[in-house]
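The values are calculated or read from the model by the stated rules, or taken from the named source; none is laboratory data. What you see is a predicted model; the values in this text were computed from it and never measured. Cβ placement follows ideal geometry from the backbone for every residue including glycine, while neighbour counts extend to all protein chains displayed. Only protein heavy atoms, including side chains, enter the accessible area calculation; ligands, DNA and RNA are left aside. Shrake-Rupley method; radii C 1.70, N 1.55, O 1.52, S 1.80 Å.
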Amino acid sequence: MTDWPSTKAKKVLKALLRIGWRVKRKRGSHRVLERDGWPDYVWAFHDGVEIGPRMLARIAKRTGLGPEDL
């Protein structure tokens, strides 16, 4: 069983910004996020898209996001 619920991309992006990620640049629907001590992360989801548990786990691995941050 996973700790990750399905959630909207807009909510995940807000959580990433809350834990210290910043938008470095934006082009179309792609955003490049940056955070000190982490490699840049490309965010390519539209706000209304539902992100499932497996994808959330992948995002968490690259960004340090935790289930409690949502």
Just to verify a result, which residue in the range 24-35, among those that are in contact with an Asp or Glu (Cβ under 8 Å, 6 or more places away or on another chain) and not basic (Lys, Arg), is most open to solvent (accessible area, probe 1.4 Å)?
Glu34
Any idea which of (1) open to solvent by 50 Å² or more (accessible area, probe 1.4 Å); (2) part of a helix (DSSP H, G or I) is the one Asp40 doesn't satisfy?
(2)
Exactly one of these conditions fails for Asp40: (1) over 12 Å from the mean Cα position of the chain (by Cα); (2) farther than 15 Å from Val12 by Cα. Give me its number.
(1)
Any residue in the range 44-70 that's under 14 Å from Lys11 (Cβ atoms) and open to solvent by 40 Å² or more (accessible area, probe 1.4 Å): show its pairings with residues that are assigned to a helix (DSSP H, G or I) and of a type outside the set (A, V, I, L, M, F, W, C) at Cβ separation under 6 Å, as long as the two are six or more apart or on different chains.
Asp47/Lys10
